Structure formats: structure tokens, C-alpha cells
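The values are calculated or read from the model by the stated rules, or taken from the named source; none is laboratory data. Here the structure is a predicted model, which is why all the values come from computation and not from measurement. Reconstructed Cβ throughout: ideal geometry from the backbone, glycine too, with neighbour counts over all protein chains shown. The accessibility values were calculated without ligands, DNA or RNA, using every heavy atom of the protein model including side chains. Shrake-Rupley method; radii C 1.70, N 1.55, O 1.52, S 1.80 Å.
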Amino acid sequence: MTELISVAEADARIAAIVQLAPAIKCPLSKAAGRVLREDVLADRPLPPFDRVMMDGYAIRYKAIAECGGEFQICGQTFAGEATGKLGAASNAAMEIMTGAPLPLGADTIVPYEDTERNGDVLKLLASDEVELGEFIHRLGSDFAAKSKLVGAGSLLGPVEMGVAASCGYTEVLVSPRPRITVVGTGDELVAVDQTPLPHQIRASNATTLESALALAKYHVGDIDHWPDDAVHGRERLRVVLSRSDVVVIAGAVSKGQRDWIPTALDEVAECIFHGVYQRPGKPMGVWLTSDGRVIFALPGNPVSALVGLHRYVLPYLRQREGGAPKSVPHVSLGQAVSFAPPLTWFLSVRLESDRLAFPMPVNNSGDYARLCGTDGFIELSADCSEWTAGFEAPFYRWSS
Ligand SMILES: Nc1nc2c(c(=O)[nH]1)N[C@H]1C(S)=C(S)[C@@H](COP(=O)(O)OP(=O)(O)OC[C@H]3O[C@@H](n4cnc5c(N)ncnc54)[C@H](O)[C@@H]3O)O[C@H]1N2
Ligand code: MOO
């Protein structure tokens, strides 16, 4: 391990190696969840015409006083029909549907519910309650043509997707998805469908890490498992690096005689750091190849690997896509806690009412089953050892 660094320094060093991937064109139908790399502009004013907002009748407001609230119906306009024209007589009314363009000459809509109809004669039930200009969504009243509706860097969620569709974007410029490989390591591990011998365990880290990435909308292209054999492992490392932008390795990063990962990574990449003043996950490290591939080497202990993914890998992936940094919410400690080592403590918690965090510490970073029922972890900084109930701490959710 190189000299240990603080969590803040680890964040800064990761931010410094972020290289924004060149934008690509993507069909709009495939763009949900991607980071937009261009501004989406209104191609027309919003709304693009005087849009009627209620089913009923279009009238001239000033005619109410002139004709005692009685009108002559002279036609109909449905949504999808071109703009109609109100008859020249001041008491003319046009039957009209929601979504239709306001007829020329009309300035007010009276909903069906406020009228009585007899043949072509229309009577307003409460003339004095009708207001000039009611129920008309005026052309351009929301946005002028060419307004920026969605900014570059936005995440394309349902709102942004609908706005882009409404403006005629059949494709958009987005960040490409990184090719991600997740790697587990260790001779003690057997596949999920195997029955382990007493000294073996089933490999679970790849499943955990892949699902955490998938829930954050990142697709894992490959999953690999490497033995504790450095010669064979180095070959696999070369293959995986040749087809990945980001590699997330769990295990073999500490000080054991077969913890070969850091040495092998040093041979093919620059070490950005190795070792952070934190628990869990102290032995984690990050490496960068000369052609821009990034390797996160997380400890094999399942709690350490999962925390490392949420605390460092997911924020890195977001930055790499050019997305606005996701704000980390703060929650309030539900009870006092203490932690003596001068390390940042990532403490697993259960949330109540989405705001109050109750500590649910694991026995150690191999006690992954105790995370069931927790919602994520809070970050308690290394410069303190006692936290009172009510302390506000950054919160990372497992399922984000
Ligand atoms: N002399 C020292 N020993 C250790 C140190 C240290 O500073 N000095 N650090 C400890 C800490 S902290 C951690 S965390 C671990 C990290 O070790 P490695 O990254 O080398 O991980 P492994 O030894 O490969 O595995 C640790 C543990 O996790 C289990 N594991 C590994 N992979 C999986 C998997 N895919 N699914 C489920 N479980 C997995 C593995 O069996 C081990 O029990 O090092 C400490 N030692
Ligand atoms: O840092 Mo290790 O992840 O504490 O067990």
C-alpha cells in the first residue's frame, strides 16, 4: 500500500482522473437514463397555439353583457382541427373541445357544466361568474420558441424524455455507457450453484456489485473470476482491460502473500492511490492506464466492496458521463454513536420516515448478511469520535 490518504483526498484524486467520454448520438427511444450532452430547445412556442383547456363553448366576453347571456351556436371545433372562426354576430358561440385551437374572434371559454343548451341556443347559467380569457392556454405563455428546455448534463428521466419528444428530437446527443467489467477473486470461492466444502464459500461479490450497478442504470458487460494465482490472473487482467473502460475488482488488494492485484496493477497502470483512512474498505485503491481505463480495486470483504462501490465507483461513473454530481442527502442520527479509530466510518443504518438513521453496525466487513434490513450507510468523518442523536450525516442508499 502507498501512503494512506483521507476520504476527501481520495475523492479529489478520483475527480482529477475523470475524462469525459465523447458524446454519441442515440435514438430517443433508447435514451432514458442517459446523460444528455446537448441542450434541448423548444422548436415552437409552448403552447404552439391558443389551446382550449375545457370542453364547452368559445364566446366573445363582451357579448355577455350585450346579449343577456344568450348565444347562438354556429359550429364546432375538435382537437386536431384547424383554427375555426367565430361568426360575425356578437352573440355567436362555437362548441369547442379541450385541445382545440381557440377560434378567431373568441376570447373566453365557458365549460359545458356552466351552460344550458336548447337546439342552437346557448344560455350561460351564471353570466356574472364568467371571466374574460378563462380556460385558454395562450400561445407562448409557457416558453418562447428556441427556449432552452433541458440543459446539457441533465439526466434523461421521463420529464426530459417527454419534452425532447414534444420538440421533435428523434435522437439526442448523450454520453456513451462505459464498458464495465466486475471481477471477483479468490481460491476459496465456488460458484453459486456449487456446494462449498467446509473451507470454501460461494462467490457473492460479483452478484452484489453487478446488481448495485444495474440499479444505478449501469450495465455490466462482463463478469470474471480470477484465482489467487498471479500468473494466470495477469493474463486475465490483460484480456479484461482490453475490452473494458472501467474494471471493478473485489479482493486480493491487501497484504496477504497471494494478494497479487496491487503489484499486477502497478505493472500496467498508474496508481492513483492505494489505501484510505476509512472503515470498512481501508485497502482499496484506484489505478489509471495510459489509455484512460480506470480500475477500482476494492477489498474482498463483501461489506467493504459494496460500500466502496457506492462511495467511490458510482460517483465516478456519474462524473465520467458528464452528469451533474448527485447531491448526497443528509439524514439525522436516531441515536448517539461512538467510534474511536481515526478513520472515516461508513456506518450501516436503517432509515425511519426517510430522515432518521438508526445505526445497524455489522460485526465486521465479512458480516454481509447483517446488511439485510438496512437502507444504506452514513459517513462519519475521521476527525470526531462521538456523535450525538440528531447529528446530520451524508447518507448513501444501497438502491440508488
Ligand atoms: N496484515 C493485514 N491484513 C489485512 C489488512 C491489513 O491492513 N493488514 N486489511 C484487512 C482488511 S481491512 C480487509 S477489508 C481485507 C481485504 O482483503 P482483500 O481485499 O485482500 O480480500 P480477500 O483477502 O481476497 O478477501 C477478504 C474476505 O472476503 C471474502 N471474499 C472475497 N471475495 C469474495 C466474494 N466474491 N464473495 C464473497 N466473499 C468474498 C474472502 O473469502 C475473505 O474472507 O484484508 C484484511 N487483512
Ligand atoms: O477495511 Mo476492511 O474493509 O475494514 O474489513
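On the principal axes of its alpha-carbon atoms, region 51-137 has extents of 32, 22, 21 Å, going from largest to smallest.
Output the relative contact order of the chain, whole-number percent, from Cα pairs under 8 angstrom with separation of 6+ residues.
In percent, rounded to a whole number, it is 17.
Please identify, among 97, 360, 284, the residue showing maximal mean-square fluctuation in a Gaussian network model of the chain using a 10 angstrom Cα cutoff. Maximum among the listed residues: 97.
Give me P(r) over region 223-262, computed from all C-alpha to C-alpha distances, binned every 5 Å, as integer percentages. Result returned by the calculation: 6, 23, 34, 24, 11, 2. Taking the average, over residues, of other Cβ atoms within 10 Å as the packing measure, peptides 242-248, 224-230 rank 242-248, 224-230 from highest down.
Once you divide the Cα radius of gyration of the chain by 2.2 N^0.38 Å, the number left is 1.44. Based on every Cα atom in region 330-397, Rg and the maximum pairwise Cα distance Dmax equal 11.1, 31 Å.
Helical runs assigned H by DSSP (4 residues or longer) give the chain a calculated mean residue ellipticity at 222 nm of -5000 deg cm²/dmol, each run adding -39500 (n - 2.57) before division by the residue total. Sparse packing (at most 13 other Cβ atoms within 10 Å of the Cβ) combined with a DSSP loop state is found for the following trypsin sites (Lys or Arg not before Pro) in region 84-189: 138, 146. Accessible surface for residue 18 stands near 40 Å², nearest 10, in the context of the full protein assembly shown (1.4 Å probe). Across region 261-400 the C-alpha pair distances fall into 5 Å bins from zero in the proportions 2, 10, 18, 20, 20, 14, 9, 5, 2, 0 percent.
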